[in-house]
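The values are calculated or read from the model by the stated rules, or taken from the named source; none is laboratory data. Since this is a predicted model, take the numbers as computed values, not measurements. In this analysis, Cβ positions are derived from the backbone assuming ideal geometry, glycine residues included, and neighbour counts consider all displayed protein chains.
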Amino acid sequence: MNYFLSKLPERTVKPRENGLTMVMDKGLSIREAEDMLSTSADYIDILKLGWATSYVFPNLSEKLRIYKEAGIPVYFGGTLFEAFVIRNQFDDYLRLLDKYDMGYAEVSDGSIELNHDLKLGYIRRLAERATVLSEVGSKDAEKIIPPYKWIQLMTAELEAGAWKVIGEARESGNVGLFRSTGEVRSGLVEEILTKVPFDKIIWEAPQKSQQVWFVKYLGSNVNLGNIAPNELIPLETVRLGLRGDTFMTFLNDEVKLKLDSPPDVNH
């Protein structure tokens, strides 16, 4: 950091199990990727190549090389997994992971109807060769999954070998965990946390108001995903209580009381 400030919340350090920030690359150019890393590499724990953008992106190998040299784990978006599965090309998907030396993989069923036992089978197979992130929730705003079902799905997918489960929100933040307005389904989050460990969940939270809600409710070291590249540094200030939205969140009463005392102008 560039200077000292006392009484900041303690942040975990990389490589970390909680306090993760997952950034979404929706087609950054090589130069944009390099620029992002030059300012924000310390705040990126894992990077997702959004949905199937990797299929059409030129110079994919070059961009993956840049991320690898920066020590940033990368994985293909879950929608690409679904695109292979629905075409009965799962073995081709495995070969794709090998071709690009991908050590992480996402399993999701947000766009397709996938039998859950079959999904668990995909998690088990992929977990033999990669670190698996498993996404729960639908991209269909009309499909409302009750809390008990979220808990069942998340628990089963962790038991099948997923490293983390991801709460679906899309890149827009208006489905799954959130209402169409972007408001957090707070009761859903609270119920999930009664059964699923805090550090095992990555909450997709692309909107600033959603990030603020999770940091206020779960603290600086909550796992957050689908963060836009230009929001990485702003998010870190939210986590540290250095943005107006969380400014007073991590200060204790003793510090707050000092606001009522006049400053000592002689020092």
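Structure notes:
- Just so you know, in the range 236-267 the residues that are of a type in the set (Asp, Glu) and within 21 Å of Tyr217 (Cβ to Cβ) include one that is modelled with the lowest pLDDT, and it is Asp253.
- Of all residues making up the range 215-234, the number that are within 12 Å of the chain's Cα centre (by Cα) and outside any loop (DSSP other than H, G, I, E, B): 5
- Each residue in the range 158-215 was checked for being closer than 23 Å to Pro15 by Cα and among the charged types (D, E, K, R), and 5 pass.
- Within the range 51-71, being surrounded by 19 or more Cβ atoms within 10 Å (Cβ to Cβ) and within 18 Å of the chain's Cα centre (by Cα) holds for Trp51, Thr53, Tyr67.
- Looking only at residues of the range 26-49 that are of a type in the set (Gly, Ala, Ser) and crowded, with 17+ Cβ neighbours inside 10 Å, we find that the one that is nearest to Lys14 (Cα to Cα) is Ser40.
- Residue selected from the range 101-120 under the condition modelled with pLDDT of 95 or more and surrounded by fewer than 16 Cβ atoms within 10 Å (Cβ to Cβ), by the criterion nearest to Gly71 (Cα to Cα): Gly103
- Answer from Ile192, Ile151 - the residue that is more than 23 Å from Gly50 (Cβ to Cβ), touching a Phe, Trp or Tyr at 6+ places or on another chain (Cβ under 8 Å) and modelled with pLDDT of 95 or more: Ile192
- When the residues of the range 69-90 are filtered to those that are without any contact (Cβ under 8 Å) to a residue 24 or more places away in the chain and out of contact with any Leu (no Cβ under 8 Å at 6 or more places or on another chain), the one that is farthest from Arg31 (Cα to Cα) is Asn88.
- Pairs are defined by a Cβ separation below 8 Å, a sequence spacing of at least 6 or placement on different chains, a first member in the range 181-198 that is closer than 15 Å to Lys149 by Cβ, and a second member that is of a type in the set (S, T, N, Q) and not in a loop (DSSP other than H, G, I, E, B); the pairs so defined are Lys195/Thr155; Val196/Thr155.
- On inspection, Ile123 does not qualify as surrounded by 15 or more Cβ atoms within 10 Å (Cβ to Cβ), within 19 Å of the chain's Cα centre (by Cα), within 22 Å of Val13 (Cα to Cα) and in contact (Cβ under 8 Å) with a residue 12 or more places away in the chain.
- Matching option when the condition is within 30 Å of Lys99 (Cα to Cα) and either over 16 Å from the mean Cα position of the chain (by Cα) or of a type outside the set (Asp, Glu) (or both), among Arg129, Arg179: Arg129
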